[in-house]
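A.B. asks: Handing you this structure, nothing more for now.
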Amino acid sequence: MKNLLTVIAPAALCAIAGACASDNAGNTPLPRVEWSSETVRTLPGEPAQYVQTFRVWGMPDSMSRLAFNMFARQMEMENPADTLVEIVPGYYTIASPRLSDAVSDTVEIRILTRGRMRSVCYSPDGVHGIGRNGGTFDVDFRRFDLLDDSVALAAAPLAEDIYRRNAELTADAAVPSVYEVVPSFKKVTLTGGETWVNPSTIEFKAPDSIAGESYSITVAEGKITLTADSSQWKRLGMRLRHFWGDGERTMPAAEIHDAPDLEYRGLMVDIARNFQRPEEIKRVLDLMAVYGLNVFHFHITDDEAWRLQVRSLPELTDMGSRRGYAPTGNESFLPQIFAGNGNPDAVQGTANGFINTDEFVDIVRYANGLGITVIPEIESPGHARAAIKAMAGREEFRMTEPGDTSKYTSAQAFHDNVMNPALDGTYRFMEKVVDELVALYGMAGVPLKAIHIGGDEVPRHCWDGSDAVRRLMAENNLPDQKAVHAYFVERVARYIASKGVGVSGWQEVALRHPKAYTDTLRPLMYSVNCWSTLPHQGQAGVVDDIYRDGFPVILSNVDHFYLDMCYSPHPDERGLSWGGYVDEFDALAGTPSQLMSQGMPKGIQGQVFAETIRGPRDLEVMLLPKMAGLAERAWNTAPTYSEATFNSIIDGETARWDADGYAFHVRQPGAVITADGRLMVNSSYTEADIRYTTDGTNPKADSPAIEAGQPVDIDIPAGGQIRVRQWVHGQPSVVTVLKR
């Protein structure tokens, strides 16, 4: 029997539809849509394919189309009477003459899709209906379990391999001492005996000389004394209370001396693709303070949305922060991408929303109080679709050239997301936004150390059809479009620098440019994030080249520090996988000595891009525990903890995260069949509630329990499945499948 996962879109807002299928009181059932995926067997050498099936019934008479979001794929309708329209990459509508008959009979719509179904994040999301009047309405959307697809199941980690990995992580692992924390202290000297202390009443002292971020702790004679610059007191107090609690306890008497190896220890959070509200941003900042991270890279703009209010340019948020069903020609909001119910005014979910100026000022002040620098990012000249569309009606800020015949495709499959560097409107826009940011930091009373201008993933041929760019190239002796890109970066960087502000950018702004450009840009740059450093993608040596050119390198490698990558290949793990799989141990392993051949970086930064994030819980699961591995490596650049010791520390952290209300990722339980035919499971956690089933369904909280290391007799025929899942402080793992 297939497992059916239920994802019900909120029925609260159907205002624009005029044909909502529910009265919002639950008295009228929502139309029902079920989705499943089945891999199609292909011949060797041919591309993989799968069939997506939408089963639809109970649609209202006013039904026109069914809409959904999904990462862009080549798709073909099985029934020639059905049509599929891509409004923007990743947002599709299905039209079928059969949909109007779905009131009583089930309609099955099948779509042949190229590629393979990688994970639940590549399946449809934000499914909703569209009425004949152009309004949208909610549906009861249910997604079948991908573990029922044999190909998807085959890609999941083997139960026996997980068992071996869990055994490695728990081998000879002692309970961490009170002084084994993340990031680890540089030097701990036990001075003999134990003492009663209360971490909630730390005595703070200023050092005799300037200490920067260096500090010392004395635990002796019934008190904890922390000697540090006063700007560090709040952050360090939070850190110590997190690890040591806020009540009386005994602790070994000790002298601790600590300091970070790197001045820049960063975390980037994307709220453009899917929105996070200010209260969640503050919760992330609290985590950063606890783990010693001190730079918050705030990714507030991208192709999919503009999330910061700019009072002099209200179109940016009036249009750019709202997403929904937008037929061709609609200019009041952006077409739907990634998530949502098609309603640009919906307040639930992550599709719509922005940070207003007062909220932004408050976030900057809050971060500053924790010793954290906020670097806002204004993506340019690529990844700028939201800004381009929002400002299209303001001639003085127009960033595209009428009559431009350029044809290009960005990394995210857009064809209209690049600013034109030959237009005055482009620079008027960038300068206006820079001026507003400078003013906001002035209101906050906090120095603006840098503005991140993006600069990454500008697609080839994006200016081929621009007469203005051809003139710019001729007038400035620019040999190619890489030089045009460099012209834009240098001009914008000079303006930002004229305001006394540093410039940050992704690696493309600094990678393998002429010496004259490099010499001009180098003194203006605050940081350069080196992200795509995978040899198989032709990016070997990126970090070394940028370092040799004298730029301030921030190691941001996708295979260690992209926290939005899936934890594992399991089809139910949230995240992307284009850069591989990243868990807390991959982040821990990202030492500079392994990632660059000489010297040291200015810093290390983790990234959380938000394509697959649907709310605060998803963000926190991506952060925890990967963020702990990132923090350890950013504070201590040389290897410190073994994986087993680090795992035992994470095990202890789960209770603290739970107490503070954070969601976190739980690793899978391992499972094997013993030589005498019994089921044996193990876990990387000391306290886990492990449950199993033998009937092909996924374990629930009331399924039969099994203890790690305690074999049980099972009755299941050869060829059957045992499914195992664990909960740690109420947080679930994905399901481990053991084939008998």
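We did not get these values from a lab; they are worked out from the coordinates using the rules stated. Everything numeric here is computed off the predicted structure, so don't read it as measured data. Heads up, the Cβs are rebuilt from the backbone with ideal geometry, glycines too, and the neighbour counts pull from every protein chain shown.
A.B. asks: Extension gain residue 461-residue 48, at 0.36 nm per residue separation less the Cα-Cα distance, in nm?
C.D. replies: Additional length available on full extension: 145.7 nm.
A.B. asks: While we're on this one: Report the extension gain between residue 106 and residue 249 in nm, rounded to one decimal, defined as 0.36 nm multiplied by the number of residues separating them, less their alpha carbon distance. Numbers along the way, then the final one.
C.D. replies: Numbers: separation 143, 0.36 × 143 = 51.48 nm, distance 6.41 nm.
Gain in length upon complete extension: 45.1 nm.
A.B. asks: Distance from a point 7 Å along Cα→Cβ of residue 593 to each backbone N in segment 252-277: keep the residues under 16 Å and list them by number.
C.D. replies: The answer is 261-262.
A.B. asks: Sorted by mean Cβ packing within 10 Å, highest first, what order do the peptides 242-248, 646-652, 397-403 take?
C.D. replies: 646-652, 397-403, 242-248
A.B. asks: Could you tell me the center-to-center distance, by alpha carbons, between segment 215-254 and segment 480-526 in angstrom?
C.D. replies: About 43 Å separates the Cα centre of segment 215-254 from the one of segment 480-526.
A.B. asks: Which pairs in the list 499/626; 187/234; 449/602; 389/602 are over 26 Å apart, alpha-carbon to alpha-carbon? Before the final figure, lay out the partial values.
C.D. replies: Details: 499/626 36 Å; 187/234 22 Å; 449/602 15 Å; 389/602 36 Å.
Pairs exceeding the cut-off: 499/626; 389/602.
A.B. asks: How many nm is it between the label spots at residue 477 and residue 214, if each spot is 7 Å from the Cα in line with the beta carbon?
C.D. replies: Label at residue 477, label at residue 214, 5.0 nm between them.
A.B. asks: Okay, next question. Can you give the relative contact order of the chain as a percent, counting alpha carbon pairs under 8 Å and 6+ residues apart?
C.D. replies: Values: 1714 pairs, mean separation 92.5, N = 740.
For the chain, the relative contact order is 12 percent.
A.B. asks: Something else now. Taking a ≥ b ≥ c as the square roots of the Cα gyration tensor eigenvalues, with a/c under 1.5 meaning rounded and otherwise prolate when a/b beats b/c, else oblate, which class fits the chain?
C.D. replies: Oblate shape, in that a/c is at least 1.5 and b/c is the bigger or equal ratio.
A.B. asks: Determine ³J(HN,Hα), in whole Hz, for all residues of segment 277-290 in sequence, where each value follows from phi through the Karplus function 6.51 cos²θ - 1.76 cosθ + 1.60 and θ = phi - 60°; x replaces Gly and Pro.
C.D. replies: Rounded to whole hertz, the list is 7, x, 5, 6, 4, 5, 5, 5, 4, 4, 4, 4, 4, 4.
A.B. asks: For segment 527-589 and segment 124-151, what is the separation of their Cα centres, given in Å?
C.D. replies: 33 Å
A.B. asks: Could you compute the FRET efficiency for residue 428 and residue 263, with r as their C-beta to C-beta distance and R0 at 25 Å, rounded to 0.05?
C.D. replies: 0.10
A.B. asks: Taking amide H positions as placed in the peptide plane 1.01 Å from N, state which residues far from residue 194 in sequence (5 or more) or on other chains have amide H under 5 Å from it.
C.D. replies: Close amide H contacts, sequence-distant or interchain: 253.
A.B. asks: According to the square roots a ≥ b ≥ c of the eigenvalues of the Cα gyration tensor, what is the shape class of segment 408-535, taking rounded for a/c under 1.5, prolate for a/b larger than b/c otherwise, and oblate for the remainder?
C.D. replies: prolate
A.B. asks: Another question about this same structure. Does segment 187-258 come out rounded, prolate or oblate, given a ≥ b ≥ c as the square roots of the eigenvalues of its C-alpha gyration tensor, rounded meaning a/c under 1.5 and, failing that, prolate meaning a/b above b/c?
C.D. replies: Oblate shape, in that a/c is at least 1.5 and b/c is the bigger or equal ratio.
A.B. asks: So how much slack lies between residue 332 and residue 196, counting 0.36 nm per residue of separation and subtracting their Cα-Cα distance, in nm?
C.D. replies: Taking residue 332 through residue 196 to full extension adds about 42.6 nm, to one decimal.
A.B. asks: If each DSSP helix of 4+ residues adds -39,500 (n - 2.57) and the sum is divided by the residues in the chain, what number results at 222 nm, nearest 500 deg cm²/dmol?
C.D. replies: -7000 deg cm²/dmol
A.B. asks: Continuing with this model, one more query. What share of the DSSP beta bridges in the chain is antiparallel, in percent to the nearest 5?
C.D. replies: Close to 65 percent.
A.B. asks: Just to check I understand the Karplus step: with θ = phi - 60° and J = 6.51 cos²θ - 1.76 cosθ + 1.60, what whole-Hz values come out for segment 225-240, glycine and proline as x?
C.D. replies: After applying 6.51 cos²θ - 1.76 cosθ + 1.60, I find 10, 10, 10, 7, 4, 4, 5, 9, 4, 5, 5, 5, x, 4, 4, 5 Hz.
A.B. asks: Could you go through segment 572-581 in sequence order and give the Karplus-derived ³J(HN,Hα) for each residue, using 6.51 cos²θ - 1.76 cosθ + 1.60 with θ = phi - 60°, rounded to whole Hz, and x for Gly and Pro?
C.D. replies: Here the 3J(HN,Hα) series is 9, 7, 6, x, 9, 9, 4, x, x, 10 Hz.
A.B. asks: In terms of modelled amide H atoms, which long-range or inter-chain residues lie less than 5 Å from the amide H of residue 224?
C.D. replies: 198, 203
A.B. asks: Roughly how far apart, in whole Å, are the Cα centres of segment 372-451 and segment 591-621?
C.D. replies: If we compute the Cα centre of each part, the gap is 24 Å.
A.B. asks: Per-residue counts of other Cβ atoms within 10 Å, averaged by peptide: what ranking do you get for 491-502, 363-374, 544-555, highest first?
C.D. replies: Taking the mean over residues of other Cβ atoms within 10 Å, the ranking is 544-555, 363-374, 491-502.
A.B. asks: List the residues, sorted by chain then number, that are 5 or more residues from residue 140 or on another chain and whose placed amide H is less than 5 Å from its amide H.
C.D. replies: 32, 33
A.B. asks: Leaving out same-chain residues fewer than 8 places away, which lysines sit with a Cα under 25 Å from that of residue 700?
C.D. replies: List returned: 2, 739.
A.B. asks: Given points 7 Å out from each Cα along the Cα-Cβ axis, report the residue 416 to residue 686 separation in nanometres with one decimal.
C.D. replies: That separation, rounded to one decimal, is 5.9 nm.
A.B. asks: Give me the one-decimal nm value for the distance between modelled label points at residue 548 and residue 577, 7 Å along each residue's Cα-to-Cβ direction.
C.D. replies: According to this spin-label approximation, the distance is 3.6 nm.
A.B. asks: Still on this model: Rounded to the nearest 0.05, what FRET efficiency do residue 470 and residue 76 have when you use their Cβ-Cβ distance and R0 = 41 Å?
C.D. replies: 0.60
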